[in-house]
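Presented below is the structure to which this report refers.
Just so it is clear, none of the values below were taken in a lab; they were calculated from the coordinates. It should be emphasised that the depicted structure is a prediction, and the values quoted were computed from it without experimental measurement. Every residue, glycine among them, receives a Cβ derived from its backbone with ideal geometry; neighbour counts consider all protein chains shown.
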Amino acid sequence: MATRFLAAALACACYMATALAQTASPAEWFQWRGPNRDGISAETGLLQAWPKAGPSQVWRINGVGNGYSSFSTSGGRLYTLGARAGAEYVVALDRATGRKVWETANGRRYQNDRGDGPRSTPTVDGDRLYVGRVRAKLL
């Protein structure tokens, strides 16, 4: 389920990248649910309805990993988290091309009975990127 969620989120990010690339000056979506944390975009000129076949795909990426992270965007980059094997990663993608710009390990992969992997959304503040981690309590 987590893998499907991240795949859907990446597909959404591709379409978000298309919409943002088509605007002159896209708003930064630098934290969970956007600039005001309300899930509302101030962008204009977006499609009122999708074409029957859906919007055209701009790019696709595989290998980010699975989890429940959403995306932040700032300065032409998309930021997210993913889990592969026994580790979690912070990943930066080029918003226009989907090319992986960098990634860094972010600790051991979180596991539980409701799905494995990261659960936070990266937050950009100026030149800093913040990510949260789940830490299982040891009994």
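How would you classify region 64-134 from its alpha-carbon gyration tensor, with a ≥ b ≥ c the square roots of the eigenvalues: rounded for a/c under 1.5, else prolate if a/b is greater than b/c, otherwise oblate?
Prolate, because a/c is 1.5 or more and a/b exceeds b/c.
Sorting 108, 60 from the fewest to the most surrounding beta carbons within 10 angstrom yields 60, 108.
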